[in-house]
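The values are calculated or read from the model by the stated rules, or taken from the named source; none is laboratory data. What you are looking at is a predicted structure, and each value in this text was computed from that prediction instead of being measured. Here the Cβ positions follow ideal geometry from the backbone for every residue, glycine too, while neighbour counts run over all protein chains shown. Keep in mind that these areas ignore ligands, DNA and RNA; they rest on the heavy atoms of the full protein, side chains included. Shrake-Rupley method; radii C 1.70, N 1.55, O 1.52, S 1.80 Å.
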Amino acid sequence: MQSQSRSDTYDVCVIGSGAGGGMAAHTLTKAGARVALLEAGQMWDPVKNGTMLKWPYDSPRRGASTRERPFGEFDGCIGGWQIDGEPYTTAPGTKFDWWRARMLGGRTNHWGRISLRFGPYDFNRKSRDGLGDDWPITYDDVKPWYDEVDKLIGIFGSAENLPNEPDGIFHPPPTPRCYEQLATKAARKLGVTVIPSRLSIITKPHNGRAPCHYCGQCNRGCMTASNFSSTNVLIPPAQKTGRLTLITDAMAREVTVGKDGLANGVSYIDKKTGTDKHISARIVVLAASACETARLLLNSKSSQFPNGLANSSGTVGKYLTDTTGTDVSGFIPKMVDMPPHNEDGVGGMHIYMPWWLDNSKLDFPRGYHIETYGGRGVPSAGFMGGIHRYPKGGGYGASLKDDYRRYYGASIGFSGRGEQIPNDDCYCEIDPTVVDQYGIPVLRFNWKWTDHEYNQVKHMQETFRAIIAEMGGQVFSPMPTKDEGYGIANGGSIIHELGGARMGKDPTTSVVNANCQAHDVKNLFIADGAPFVSQADKNPTWTILALSMRTSDYIAQQRKAGAL
Ligand SMILES: Cc1cc2nc3c(=O)[nH]c(=O)nc-3n(C[C@H](O)[C@H](O)[C@H](O)COP(=O)(O)OP(=O)(O)OC[C@H]3O[C@@H](n4cnc5c(N)ncnc54)[C@H](O)[C@@H]3O)c2cc1C
Ligand code: SF4
């Protein structure tokens, strides 16, 4: 394959157009930089390509998934657990699932939009319980950028003044639906905190975007741009500056370096033609998602950086974490035969249960939050998970239809999402023998949960079963045993993978500094989840966005000062 170079040298080359890369491209172009944005996936415009308004019966496959749309053929995200020609491997004994998007905007095209700030405790957990490590920054260091992200993107929620759940700048939240009100009552009786959810969906007009009209189809891509995706909120304004060069179907192979040891561009495969190309840039920002960023660094080997770029500490790929997760669902007899009523809402939960307990009284560290699902969403093929799970459900003809009507909306489910502590057995590395279809060495994952996570997930299971019992319901599945890991989801499968190039003050134990700038290469930055020192009991993307904006502001300021 012939290598071609663009003659231009860009101010910045950003790799990846999801949450982190979209925000970097937006902030940097607005600050006057000429940015080349490389995206491995195809072009995508939610307004034109979204399927928000289709009926379930429009599906020729009756809603069944496809390989590149594992969450259903109308889902707004192209990608999946497996991508043809782009394998990854797992070490013996490891169960790890890696979800990758391949499209403009990455996973933000169908993410859940649960948009939570990390709290003050989440940045200094080691000081509080001795486990893991502290971040080199505090909540107060990030707060101004959380505020800017709220203002730019828009988010609904409510001011609650809780100690580790910082409030933001919120639009009014939607009213909880019937099943959410019942769950609230039961959970509060058990001492669980319940507040309105915090989702990056606008409920008032915002920066020229229309408010949500409650069609409940957020995962299909919002054609009115009422929820957040990089594709409908960040990329278009960046393009309007005239300073963004967007290159899709561009699979970055490695970051190249000059004799001075600084990054001087990125080599990539033009997937449309199969040719190798190179783009020159004065600054490189990696935002290909946490694990892919670690892969790019490890594959960017040279005589100056024989162990991979920015890897003098040997910690690239290390300190990888995911959120812990497990689910319980059940049937609630008092919701049977409900009179028809309007449960329209956003494509996500209207209530949220943040961590509410004191770990000193528990057999595990750190916490989890609870997400709730159920109710009367637009029914699709296979909805309710099978009528046979309900008492006397089944049969055929009129009685079957009648059962569906009676039981429709009479189930509820709870998902726990908790904090894993980084451990030495959870990391990714380059597989010594396997390459992808472009000849790029692939990642091999290593994973082991510890008792911290197993005990936490056991507590989730017990809590969800207690809430369902309090609602007068019966669960659909027996309590998983210890041998079944209490129902813990595989590493990676909650799709909150973080770490792999963590930030820190000490260059011998971390990859980037507090500004997400590589210790070893001053014009190399990371703007995705790789620099995270730890998880939290919160979903990570609002923090990825805030840190990406903060890093980009730092780059703009350094450029202005002539330091980069
Ligand atoms: C179903 C689902 C629900 C979720 N719900 C939530 C939620 O409610 N709240 C929350 O906080 N988070 C949620 N997440 C996680 C959230 O989507 C991610 O945290 C976020 O998108 C990460 O942003 P990113 O920029 O790091 O990666 P991505 O959004 O994945 O973007 C990375 C981009 O880089 C591109 N890329 C990768 N490799 C290369 C390469 N070599 N060259 C060029 N381009 C490359 C990819 O194609 C992709 O477009 C969810 C994820 C999924 C899948
Ligand atoms: S529920 Fe609201 S934000 Fe979601 S797709 Fe529909 S209109 Fe858009």
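Some notes on this structure:
- Cleavage-rule hits, trypsin sites (Lys or Arg not before Pro), the stretch 445-484, DSSP coil, Cβ neighbours within 10 Å at most 14: K448, K482
- Average accessible area per residue (Å²) across the chain - probe 1.4 Å, nucleic acids and ligands excluded: 39
- Fraction in percent of alpha-carbon pairs per bin - 10 Å, the chain: 4, 18, 29, 27, 15, 6, 1, 0
- The phi-based Karplus calculation (6.51 cos²θ - 1.76 cosθ + 1.60; θ = phi - 60°) puts the 3J(HN,Hα) values of the stretch 123-128 at 8, 9, 5, 4, 5, 8 Hz, whole numbers, x for Gly and Pro.
- Separation of the stretch 24-74 and the stretch 240-258, taken as the distance between their Cα centroids, equals 19 angstrom.
- Label separation (D270 vs D425): 4.8 nm, computed from points 7 Å beyond Cα along the C-beta direction.
- Taking every C-alpha pair closer than 8 Å and separated by at least 6 residues, the mean separation divided by the residue count of the stretch 315-385 gives a relative contact order of 26 percent.
- Label zone (K259, point 7 Å along Cα-to-C-beta; backbone nitrogen cut-off 17 Å) within the stretch 288-317: 303-305.
- Contour minus Cα-Cα distance for E68 and Q304 (0.36 nm per residue): 81.1 nm
- Overall, the chain carries a charge dipole of about 1160 debye about its Cα centre when +1 sits on the Cβ of Lys and Arg and -1 on the Cβ of Asp and Glu, all other atoms neutral.
- Shown is the FRET efficiency for Y554 and K151, computed with R0 = 25 Å from the Cβ-Cβ distance and rounded to the nearest 0.05: 0.85.
- Take the chain and mark each of the chymotrypsin sites (Phe, Trp or Tyr not before Pro) that is in a DSSP loop with at most 14 other Cβ atoms within 10 Å; the longest unmarked stretch, sites excluded, is 82-395.
- Residues whose amide H comes within less than 5 Å of that of R253, counting only those at least five positions distant or on another chain, are S267, Y268, I269 (H built at 1.01 Å from N in the peptide plane).
- Computed from Cα positions, the angle between helix 139-153 and the longest principal axis of the chain comes to roughly 80 degrees.
- Between R406 and K54, full extension at 0.36 nm per residue minus the direct alpha carbon distance yields a gain of 124.2 nm.
- Here N455 and S399 are evaluated by their C-beta separation; at R0 = 56 Å the FRET efficiency comes out at 0.80.
- Extension gain for L162 to N342 (0.36 nm times residue separation, less C-alpha to C-alpha distance): 61.7 nm.
- Annotation note: trypsin sites (Lys or Arg not before Pro) in the stretch 187-295 located in DSSP loop regions with a Cβ neighbour count of at most 10 within 10 Å are K259, K272.
- Helix-only mean residue ellipticity at 222 nm for the chain, each DSSP H run of n ≥ 4 adding -39500 (n - 2.57), per residue, nearest 500: -6500 deg cm²/dmol
- Rel. contact order, % - alpha carbon contacts under 8 angstrom, at least six apart, the stretch 50-103: 28
- Here the accessible area of the chain is 50 percent carbon and sulfur, with a 1.4 angstrom probe and all protein chains present.
- Residues in the stretch 512-541 reached by a label modelled at K505 [backbone nitrogen below 12 Å; 7 Å Cα→Cβ]: 514
- Within the chain, DSSP assigns beta bridges of which about 65% are antiparallel (rounded to the nearest 5).
- Karplus-derived 3J(HN,Hα), 6.51/-1.76/1.60, for each residue of the stretch 550-561, Hz, glycine and proline x: 5, 4, 5, 4, 5, 4, 4, 5, 5, 5, 4, 7
- Local net charge near G258, Cβ-Cβ under 13 Å (Lys/Arg +1, Asp/Glu -1): +2
- Rel. contact order, % - alpha carbon contacts under 8 angstrom, at least six apart, the chain: 23
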